[in-house]
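Here the structure comes first, spelled out in structure tokens, and everything after it is commentary.
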Amino acid sequence: QVQLVESGGGLVQPGGSLRLSCAASGMLFSIYAMGWYRQAPGKQRELVAAITSGESTTYVDSVKGRFTISKDNAKNTMYLQMDSLRPEDTAVYYCNARTPNWYPRQFEYWGQGTQVTVSS
């Protein structure tokens, strides 16, 4: 019953901005560790940014200072604000949710992905 739905992707010029959203349903959103992954053609999927239930955040080095991850528990939604976009940011971006370690059952969920293309 858990669903993650990404939105906000699109085509943007280098230096531009996008904000991705991940709307979650069917789960107790506030207790999950959440993250954004991306996968470019011919590349492995990589973790871009993550946020814990306590709102501690981490970022891959290549996006530090440019991307900001956040969440709104009241709206069951996670965001990725992407500024100063570069062509190498082009990828399909995926929303991920993972149950905390203390939870009786361990699950990981994925959204369907949203395409981000940075090109002039």
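The values are calculated or read from the model by the stated rules, or taken from the named source; none is laboratory data. Quick caveat: nothing in here was measured; it's all calculated off a predicted structure. Every residue, glycine among them, receives a Cβ derived from its backbone with ideal geometry; neighbour counts consider all protein chains shown. Note: areas computed on protein heavy atoms with side chains; ligands, DNA, RNA excluded. Shrake-Rupley method; radii C 1.70, N 1.55, O 1.52, S 1.80 Å.
One table, with the values for the structure above:
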read-out: Cα centroid separation, segment 51-65 to segment 105-120 (Å); value: 16
read-out: Hits among aspartates and glutamates - C-alpha to C-alpha of residue 43 under 14 Å, sequence gap 8 or more where chains match; value: 88, 89
read-out: Simple spin-label estimate for residue 45 and residue 115 in nanometres, 7 Å along Cα-Cβ; value: 1.9
read-out: Solvent-accessible area per residue, Å², over the chain with all protein chains present [probe radius 1.4 Å]; value: 54
read-out: Contour excess over end-to-end distance, with Cα ends at residue 102 and residue 52 and 0.36 nm allotted per residue; value: 16.7 nm
read-out: Cα-centre dipole for the chain with unit charges at Cβ (Lys and Arg positive, Asp and Glu negative), debye to 20; value: 100
read-out: Carbon + sulfur, % of accessible area of the chain - ligands and nucleic acids excluded, 1.4 Å; value: 47
